[in-house]
Amino acid sequence: MNGSQIVIDALKQEGIDTLFGYPGGVVIPLFDALFKEKELNVILNRHEQASVHAADGYARSTGKVGVALVTSGPGSTNAITGIATAKLDSVPIVVISGQVKNGFIGTDGFQEVDMSGMTRTISKHNYLVNDIADLPKIMKDAFYIARTGRPGPVSIDIPVDVLTAELKNYKYPEEVRLPGYKPTIEGNSKQIKKLAETIQKAEKPLFYTGGGIVAAGAEKELLAVVEKTNIPFVTTLMGLGTSDADHPLFLGMPGMHGRYAANHAMMQCDLLIAVGARFDDRVTGDLSRFATKATIAHIDIDPAEIGKNIQTEIPVVGDAKHVLKELGKTLKARPANGWCKAVTSWRDESPLTYSQKPGEALAPQYVIEKLSELSKDNAIIVTDVGQHQMFSALYYKHKGPRCFISSGGLGTMGFGLPAAMGAVLANPKRQVIAICGDGGFQMNIQELATCAINNIPVKALVINNQYLGMVRQWQELFWDKKYSKVCLKQTPNCPPECKGPNAKCPELYLPDFVKVAEANGVKGLRASTPDELIAMLKEGLAYKGPVVMECIVRQEENVYPMVPGGKPIDEMILGPEKEKA
Amino acid sequence: MKTKHTIRLKVVNTVGVMARITGLISQRGYNIDSIMSTPTEIPDIYSVHLVLTETEDKIEQISKQLNKLIDVVKVTDISHDKNYIVREFIMVKISTAKNRPDLLQLIGLFRAKVLDLASNYVVVSMTGSPRKIQRFIEAVQPFGIQELDRSGEFAVLDV
């Protein structure tokens, strides 16, 4: 077998059924081997960044490893953003890139870049395959590393001469032998016992859970623990869907755009038990003033996360599912105490607020609420990055694990549409909705054609406020309302000192998303009022193929609650509706 | 408080393993005092000695991050405040123009080894603790150091 055939055999051995890719000079041998391939569905994206995001969406929606295939040079550099996105959110993907032939490496050959150098700090691990003899083991190791322990992206760079070289006696390895890689799965029983004793004694305990719960599939174990002990919990953006949105002990998402009860509970608890969460700055705000009264316990499969940002009194290294199961056995049941009642009442007394009157311009919050009502129960929501992402996190009623997919750590605009494509291909029977802003949607808008041609029925909901809304919000609140280069309608004739929409604004908005959709063979719909919205959502969600549903929303709506950067998370701006009340 | 540490790594000798180690340290914003990589008694396994001056919690974080590298098999942090034996090897070329007898006497006192003696310079080598090495360099400085090469420090835990 030659190198290309070995790669394809390895993918099948790993249970891969779908690839996302883009050909180029040095990967022609690989695509040649795929030419008559029936077991693998190869999706030709229109940009390599989209291929990697699609593999990422495939992986996030299933927990299986997603695979992207790109060429050398620009194909590889285009893949970089996708790899970094997967790294920051611990998503298992394998990205296979072509490379110039071995003898040319280092000569600045045509379409040569140092892919292993570029991916070193943005992948979990990476390989440059110098010798065909190493290829089987590298393929095996790469998939193992991507999906085990704390998952992450693995890059495999394969020179073209390795793809064409023959290997006699090829056999795919059955076992993995990596002396330097042994993830800790079982938590130390002494530490778990110590944690259980500390929980038993705590008066104001709080669970702070993140993406690690989803990666470990530990939702049931977590709910068993919190329900047995009546300890309230908060869930980060990456963990949304861990429980139903209206679970009685769930306080919502904490952080910069967190819920009032979640943030205040974080700040006032006496024991904070983090599980698969990493004390990110968007969650903690000012670290020096974060949860100062709390003993910190931290359960994580990655020991390097423990103590990275905050001093931890009770570290437990291990897989969340295993540790929570053991913890659940050790803990004694306890009734809801005064603390539990207090924090849940804060939640009940501080609902999210916005205003929407009939016939009035659409509020983005209203759009998300209506989508939440009209979408199917097992729908997968994929977002892009910006205001709509936070509205989706806050206003959508998340209904289960792996149903909310979002670029959290890297905050990659352009992620939504291609990631949703990947989610559709992994879950062909489920409704998949990409919620995007008008800015981010344009960053991978070329994938509409991929959706139409391959009949990938992504339901794209474009929240169009004609602004790069999140940056505009910061400029409004903290930069004296100087809207510098955030208006997507701005022309050279606009006054440079523009401070927001006014009577003289140009009417024309480019592109016309409905026309773009239609030009790509995708159904295009538009709504500007609440009545139009309901009709559009009903039509769009029922439509069989891919569809773009554009919502023209209020231009200057802000995401609240909000904690200004660098402030402690209980110094919250709750928004105009709250202040009126 | 920042103190000196030697982080001793056992690594699988793959292409780019040193780049991974140094890249990780610079990526996280730390600075390396010295680094040395040598073969061990096991084929394919190399020993890397990294010397860093950092606070305890940062050293702990660096050690954990290094441990995450797939090619790193073992990480041992040896704090220079605790029980350790640390040695460094130097080679130095010193001018003999000023006062050759005094210089040779100094070399003898420090038990440094004369490798070559030319008409106007002497080449010596010496192995010692960082303190002894420092003292020797200070002592021969006035004679005129023409070239100085240091191995970097390496350490073993002495318990």
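The values are calculated or read from the model by the stated rules, or taken from the named source; none is laboratory data. Just so it is clear, the model here is predicted, and its values are computed rather than measured. Every residue, glycine as well, gets a Cβ built from its backbone with ideal geometry; the counts of neighbours run over all protein chains shown. The area values use the complete protein model at the heavy-atom level, side chains included, leaving out ligands, DNA and RNA. Shrake-Rupley method; radii C 1.70, N 1.55, O 1.52, S 1.80 Å.
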| Checklist (1) buried (at least 18 other Cβ atoms within 10 Å of the Cβ); (2) polar (S, T, N, Q); (3) more than 26 Å from A:Pro183 (Cα to Cα) applied to B:Ser119, failing item | (1)
| field | Residue pairs meeting the criteria (Cβ under 7 Å; at least 6 apart or on separate chains; first under 14 Å from B:Tyr46 (Cβ atoms), in region B:11-26; second among the hydroxyl-bearing types (Ser, Thr, Tyr)) | value | B:Val11/B:Tyr46; B:Asn13/B:Tyr46; B:Gly16/A:Ser116; B:Met18/B:Ser37
| message | Between A:Ala33, A:Ala55, A:Ala10, which is modelled with pLDDT of 95 or more, under 29 Å from A:Gln431 (Cβ atoms) and in a helix (DSSP H, G or I)? | response | A:Ala55
| query | Is it true that A:Glu532 is open to solvent by 40 Å² or more (accessible area, probe 1.4 Å), outside any loop (DSSP other than H, G, I, E, B) and either in contact with an Asp or Glu (Cβ under 6 Å, 6 or more places away or on another chain) or under 27 Å from A:Cys487 (Cβ atoms) (or both)? | reply | yes
| message | I'm trying to understand the selection: among the residues of region A:186-220, which are in contact with a Gly (Cβ under 6 Å, 6 or more places away or on another chain) and surrounded by fewer than 21 Cβ atoms within 10 Å (Cβ to Cβ)? | response | A:Glu186
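Based on what the data block shows, is A:Ala297 surrounded by fewer than 19 Cβ atoms within 10 Å (Cβ to Cβ) and either at pLDDT 95 or above or among the hydroxyl-bearing types (Ser, Thr, Tyr) (or both)? Working first, answer last.
Numbers: surrounded by fewer than 19 Cβ atoms within 10 Å (Cβ to Cβ): no; either at pLDDT 95 or above or among the hydroxyl-bearing types (Ser, Thr, Tyr) (or both): yes.
Answer is no for this residue.
Quick one: would you say A:Arg347 is touching a Leu at 6+ places or on another chain (Cβ under 7 Å) and not aliphatic (A, V, I, L, M)?
yes
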| remark: Considering residues that are basic (Lys, Arg) and in contact with a Lys or Arg (Cβ under 8 Å, 6 or more places away or on another chain), the number found within region A:267-292 is 1
| Can you name every residue in region A:125-148 that is at the interface with another protein chain (Cβ under 10 Å from one of its Cβ atoms) and closer than 11 Å to A:Lys101 by Cα? | A:Asn130
| remark: Flagged in region A:364-388 as among the β-branched types (Val, Ile, Thr) and in contact with a His (Cβ under 9 Å, 6 or more places away or on another chain), in numbering order, are A:Val367, A:Ile368, A:Ile381
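I'd like the full set of residues that are among the charged types (D, E, K, R), open to solvent by 30 Å² or more (accessible area, probe 1.4 Å), more than 14 Å from chain A (Cβ to nearest Cβ) and touching a Ser or Thr at 6+ places or on another chain (Cβ under 9 Å), limited to region B:65-94.
Of all residues in region B:65-94, those among the charged types (D, E, K, R) come to B:68, B:71, B:74, B:77, B:81-82, B:87-88, B:93.
Applying the additional criterion that residues be open to solvent by 30 Å² or more (accessible area, probe 1.4 Å) yields B:68, B:74, B:77, B:81-82, B:87, B:93.
If we keep only those that are more than 14 Å from chain A (Cβ to nearest Cβ) as well, we get B:81-82, B:87, B:93.
If the condition is that a residue be among the charged types (D, E, K, R), open to solvent by 30 Å² or more (accessible area, probe 1.4 Å), more than 14 Å from chain A (Cβ to nearest Cβ) and touching a Ser or Thr at 6+ places or on another chain (Cβ under 9 Å), then B:Asp81, B:Arg87 are the ones that fit.
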| Would you call A:Pro418 crowded, with 24+ Cβ neighbours inside 10 Å and touching a residue at least 40 places away in the same chain (Cβ under 8 Å)? | yes
| query | Could we say that A:Leu461 is within 30 Å of A:Val522 (Cα to Cα), open to solvent by 20 Å² or more (accessible area, probe 1.4 Å) and within 24 Å of the chain's Cα centre (by Cα) here? | reply | no
| said: I'd like to verify a number: residues in region A:149-175 that are assigned to a loop (DSSP other than H, G, I, E, B) and more than 11 Å from chain B (Cβ to nearest Cβ), how many? | reply: 12
| In region B:1-46, residue surrounded by the most Cβ atoms within 10 Å (Cβ to Cβ) [restricted to those that are part of a loop (DSSP other than H, G, I, E, B) and of a type in the set (A, V, I, L, M, F, W, C)] | B:Ile32
| message | Please determine whether any residue of region A:324-341 is among the β-branched types (Val, Ile, Thr), over 30 Å from the mean Cα position of the chain (by Cα) and away from chain B (no Cβ under 14 Å). | response | yes
| remark: Those residues of region A:86-144 which are closer than 15 Å to A:Val154 by Cα and assigned to a loop (DSSP other than H, G, I, E, B) amount to A:Asp89, A:Ser90, A:Val91, A:Pro92, A:Arg120, A:Thr121, A:Ile122, A:Ser123, A:Lys124, A:Val129
| Out of curiosity, is A:Thr71 touching a Ser or Thr at 6+ places or on another chain (Cβ under 9 Å) and among the hydroxyl-bearing types (Ser, Thr, Tyr)? | yes
| field | Tally of residues being within 14 Å of chain A (Cβ to nearest Cβ) and farther than 24 Å from B:Asn83 by Cβ across region B:1-55 | value | 25
| request: Report the residue count in region A:371-409 for those that are open to solvent by 40 Å² or more (accessible area, probe 1.4 Å) and either of a type in the set (D, E, K, R) or in contact (Cβ under 8 Å) with a residue 60 or more places away in the chain (or both). | output: 8
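Okay, residues lined up against (1) open to solvent by 80 Å² or more (accessible area, probe 1.4 Å); (2) within 28 Å of B:Met18 (Cβ to Cβ); (3) of a type in the set (Ser, Thr, Tyr); (4) within 20 Å of the chain's Cα centre (by Cα):
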| site | (1), (2), (3), (4) |
| --- | --- |
| B:Thr53 | no, yes, yes, yes |
| B:Ser63 | no, yes, yes, yes |
| B:Thr96 | no, no, yes, no |
| B:Asn99 | no, no, no, no |
| B:Gly152 | no, yes, no, yes |
| B:Leu157 | yes, yes, no, yes |
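Name every residue in region A:78-88 that is surrounded by fewer than 24 Cβ atoms within 10 Å (Cβ to Cβ) and either at pLDDT below 95 or not hydroxyl-bearing (Ser, Thr, Tyr) (or both), in order of residue number.
Selection gives A:Asn78, A:Ile80, A:Ala84, A:Lys87, A:Leu88.
One line per residue, one yes/no per condition, for (1) in contact with a helix residue (DSSP H, G or I) (Cβ under 6 Å, 6 or more places away or on another chain); (2) open to solvent by less than 10 Å² (accessible area, probe 1.4 Å); (3) touching a residue at least 60 places away in the same chain (Cβ under 8 Å):
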site: A:Arg60; (1), (2), (3): no, no, yes
site: A:Gly66; (1), (2), (3): yes, yes, yes
site: A:Val94; (1), (2), (3): yes, yes, yes
site: A:Asn102; (1), (2), (3): yes, no, yes
site: A:Glu112; (1), (2), (3): no, no, no
| said: Looking at (1) in contact with a Phe, Trp or Tyr (Cβ under 8 Å, 6 or more places away or on another chain); (2) farther than 19 Å from A:Ala10 by Cβ; (3) within 13 Å of another protein chain (Cβ to nearest Cβ), which one does A:Val100 not meet, given that it meets all the others? | reply: (3)
| remark: So, first residue under 20 Å from A:Leu425 (Cβ atoms) in region A:527-556, second residue in a loop (DSSP other than H, G, I, E, B) and among the small types (Gly, Ala, Ser), Cβ within less than 9 Å, six or more apart or across chains; the pairs are A:Leu541/A:Ser375; A:Leu541/A:Ala379; A:Gly545/A:Gly521; A:Pro546/A:Gly521
| So A:Gly285, is it under 17 Å from B:Lys64 (Cα atoms), out of contact with any His (no Cβ under 9 Å at 6 or more places or on another chain) and away from chain B (no Cβ under 14 Å) | no
| Quick check: anything in region B:113-130 within 14 Å of chain A (Cβ to nearest Cβ) and either under 30 Å from A:Leu128 (Cα atoms) or of a type in the set (Asp, Glu) (or both)? | no
